[in-house]
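Below is one structure, written out as structure tokens; comments come after it.
The values are calculated or read from the model by the stated rules, or taken from the named source; none is laboratory data. Please read these numbers as outputs of a predicted model, since none were measured by experiment. So basically every Cβ, Gly included, is an ideal-geometry build from the backbone, and we count neighbours across all protein chains shown. For the accessible areas, the whole protein counts, side chains as well, though only heavy atoms, and no ligand, DNA or RNA atoms are used. Shrake-Rupley method; radii C 1.70, N 1.55, O 1.52, S 1.80 Å.
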Amino acid sequence: MTPQSIAQRILIALIGTTVLCLTPFFLQNYFSLKQYHQETLDQDRQMLGEQAQSSLALPMYNLDSPQLNQVLFSLMKNRSMAGGVIRDIYPPHTIMAAVGRDENWQAIVLNGPPTYPAEYRDQYTLRFQGREIGTLQLYFTDRFFQKVLRESLVNQSLSLLALTFLLCVAMYFVLKKTVIQPLRSVASFALAIGEDEETAQPIRNRNFALEILHVKEALEQMMLQLRSRFHALTQSEEALRESEKRLHHMAHHDTLTDMPNRLLFYDRLEHAIARAARIQGRVAVLFLDVDRFKNVNDTLGHDIGDQLLIRVAQRLKACVRNSDTVARLGGDEFVVILEDLKDQEQAAVVAQKVLTELPRPICIENLELRVTISIGISLFPEDGTHTEELMKNADVAMYQAKEQGRDTYRFFRQDMGTSARKRLSMEHALRVALEQEQFLLHYQPQFNLDTDRISSLEALVRWNHPERGMVSPGEFIPVAEETGLIEPIGAWVLREACRQNRVWMDRGLPVVPVAVNLSARQLRHGVWEPLLMQVLKDTGLPSHLLELEITESLIMENIHTAEDTLRRMMDLGVKLALDDFGSGYSSLAYLRHFPLNKLKIDQAFVRDLMEDSGDAGIIRTIISLGQGLALEVVAEGIEEEAQKLVLKEFGCTSGQGFLLGRPMPAIEIPDWLRKYANE
């Protein structure tokens with residue numbers, strides 16, 4: 001056996017060992033990468049779904065198809081997206097927007113049910129203010145990830161071949177120096193010993209054991225280097241596994257509270273339902289919503305709001321067992337899964353515990369906050385047998401709790417579903433009314449009680465439904481407030497009242513201010529200022545002929561913000577009236593700082609003026625207060641001549657009510673104004 005053949009065998013053995021050591025690593029890395037891509041796709045699906053739900057709610061609510069398409073196109077930037085379609089919640093489920101990577105996507109949607117060749121299809125319900133307004137279907141494909149995976153496999157294979165080749169070259173030169181050359185030298189000397197005595201003698205004196213030891217040491221050094229590299233690869237694999245664990249946790253937990261998120265919650269709820277079905281047990285779903293949380297964000301900022309949500313989450317966890325699940329769906333909405341219940345009273349006990357613990361003071365950055373929560377409860381199997389049904393019914397029960405005063409809990413009942421459908425139908429009808437201009441204004445005059453002259457007109461919105469006729473404001477205004485439709489309705493009222501008053505001016509009728517009520521949403525969202533400036537500019541109505549009425553309770557929600565808002569309104573030249581005065585909790589110390597022109601006494605005091613001496617005393621006090629602050633005082637709800645006489649005796653200068661003049665359509669107002677001018 002020649003030295004060359006010995007070196008070749010050693011080289012082959014080392015190469016084989018290297019390939020055997022590295023191949024499992026590359027295979028494991030391939031499968032880990034494949035799993036990582038799958039989880040990334042799942043995470044993209046969840047992220048895009050949540051992003052789409054939050055981004056599409058408002059444009060869907062406003063039926064803004066261009067904005068809906070724009071949002072869908074922005075989602076298509078993610079390579080895992082194949083397409084999406086948005087449909088109206090009401091039959092015939094009109095397609096509001098559709099987009100896809102395939103050029104035939106639009107034709108496929110319009111010609112029938114979506115059959116897009118995507119590997120994954122997710123469906124979501126679009127909600128606005130807790131109400132279902134549409135459906136969203138997103139289609140995903142893993143073809144991009146498959147392409148990346150194939151490229152990764154090719155790259156790893158090439159890397160393995162390149163690494164093996166480099167090792168062969170390196171080991172060849174090492175073996176050549178440490179094995180082949182010494183062995184050739186040994187062979188030459190051995191041959192010389194047999195042929196020449198004089199040459200053999202010095203060779204016999206050489207230490208061949210030492211040279212062989214050097215060869216051994218070189219081989220051991222090579223093995224140490226291989227072990228070191230293998231250890232480094234093992235550490236990289238462990239780091240990759242840790243990263244995968246972190247990504248998995250992030251995909252299934254809320255980033256703010258570290259609670260289970262929507263994805264993990266639904267998974268646990270499905271398991272809880274399946275387990276309860278097997279053992280004939282009960283499961284309760286508690287849907288919780290923090291009351292008036294938006295006020296915290298609007299007044300104190302989102303940082304304080306986030307800290308408050310963290311504290312709320314901690315208290316909710318403390319109210320349930322370790323085996324129960326508390327999750328955050330998003331915003332100020334939380335859900336709880338209670339398993340192994342014997343009856344609904346156990347769920348009621350937990351709900352009452354939450355209602356007791358949550359209102360305790362929460363201190364954040366030297367602020368003492370108190371919050372309450374409304375809870376809706378649905379039970380398996382009584383109220384539903386699958387996740388979506390239980391969640392929907394718990395949501396309906398939660399809104400019922402809010403309607404009944406908040407800070408309470410309600411179990412789902414079948415009649416609640418009927419009520420929710422009525423509210424949804426009313427909301428849809430209001431949207432149609434806005435589109436088809438079914439609203440109109442009636443005007444109620446306010447009189448100077450001393451001269452019996454009209455001092456102003458209050459614009460009151462009315463709804464002339466094509467089938468139901470005139471719909472009571474008490475029926476549709478609360479729904480409009482709850483759903484946010486009060487903002488576009490209020491904007492229409494402001495514009496129409498200003499336009500109509502300008503028309504009367506141009507016709508040469510006596511000039512009087514027109515009063516318009518501002519809603520809480522318009523003030524909180526800060527939309528009033530640009531709207532007011534634009535309306536005054538478009539209609540050409542002098543600003544002093546517009547009066548804005550704001551309720552007392554709304555102003556007292558945030559005194560400092562209200563004072564700034566009122567001053568900005570006053571700077572625009574409009575008049576300001578404090579409506580329903582006496583029904584809230586105004587502080588007289590603050591009231592004197594507000595830039596107001598009028599105080600309007602709540603009609604509840606006027607109604608019982610003749611029978612209740614307490615109400616009479618309150619009215620007398622309000623009138624004295626108004627006079628002391630140089631404000632005009634208006635009594636609302638005057639329906640009897642005796643009430644008018646007593647109010648004049650108390651010093652009230654202005655009044656409004658059915659006795660003086662009922663709300664009337666705009667066509668009747670000119671005659672009243674001429675009568676006012678004639679007198």
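Among the residues of the stretch 437-445, is any modelled with pLDDT of 85 or more, open to solvent by 40 Å² or more (accessible area, probe 1.4 Å) and more than 25 Å from K600 (Cβ to Cβ)? Yes, that holds for at least one residue.
Does E458 satisfy being under 26 Å from the mean Cα position of the chain (by Cα) and in contact (Cβ under 8 Å) with a residue 12 or more places away in the chain? No.
The residues in the stretch 362-390 that are open to solvent by 20 Å² or more (accessible area, probe 1.4 Å), hydrophobic (A, V, I, L, M, F, W, C) and in contact with a strand residue (DSSP E or B) (Cβ under 9 Å, 6 or more places away or on another chain) can be counted, and the count is 2. Total residues in the stretch 242-271 satisfying the condition of being among the polar types (S, T, N, Q), in contact (Cβ under 8 Å) with a residue 12 or more places away in the chain and within 22 Å of H37 (Cβ to Cβ): the figure is 1. List the number of the failed condition for G330; all other conditions in (1) of a type outside the set (A, V, I, L, M); (2) buried (at least 16 other Cβ atoms within 10 Å of the Cβ); (3) over 30 Å from R278 (Cα atoms) hold. G330 satisfies every listed condition except (2).
Just so you know, in the stretch 408-428 the residues that are surrounded by 14 or more Cβ atoms within 10 Å (Cβ to Cβ) and among the charged types (D, E, K, R) include one that is modelled with the lowest pLDDT, and it is R423. Based on this model, can you work out whether N261 counts as surrounded by 16 or more Cβ atoms within 10 Å (Cβ to Cβ), farther than 18 Å from V396 by Cβ and not aliphatic (A, V, I, L, M)? Against the criterion (surrounded by 16 or more Cβ atoms within 10 Å (Cβ to Cβ), farther than 18 Å from V396 by Cβ and not aliphatic (A, V, I, L, M)), N261 qualifies. Restricting to the stretch 236-276, name every residue that is farther than 24 Å from G331 by Cβ and at pLDDT 90 or above. Once the filter is applied, which keeps residues that are farther than 24 Å from G331 by Cβ and at pLDDT 90 or above, the stretch 236-276 yields H271, I273, A274, R275, A276.
Suppose the filter is open to solvent by less than 80 Å² (accessible area, probe 1.4 Å), at pLDDT 70 or above and assigned to a strand (DSSP E or B); does T135 pass it?
Taking the combined requirement at face value, the residue satisfies it.
Per the listing S425, S374, S378, the residue uniquely hydroxyl-bearing (S, T, Y) and under 22 Å from S323 (Cβ atoms) is S378. Taking the stretch 624-651 as the range and being in a loop (DSSP other than H, G, I, E, B) and more than 17 Å from L596 (Cα to Cα) as the test, the residues that pass are G637, I638, E639, E640, G651. In the stretch 52-68, of all residues being of a type in the set (G, A, S) and within 14 Å of the chain's Cα centre (by Cα), the one that is most open to solvent (accessible area, probe 1.4 Å) corresponds to S54.
Conditions (1) more than 26 Å from the chain's Cα centre (by Cα); (2) in a helix (DSSP H, G or I); (3) on the phi > 0 side of the Ramachandran plot, marked per residue:
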site	(1), (2), (3)
A397	no, yes, no
A401	no, yes, no
G405	no, no, yes
M416	no, yes, no
S425	no, yes, no
L430	no, yes, no
L441	yes, no, no
Q444	yes, no, no
T451	yes, no, no
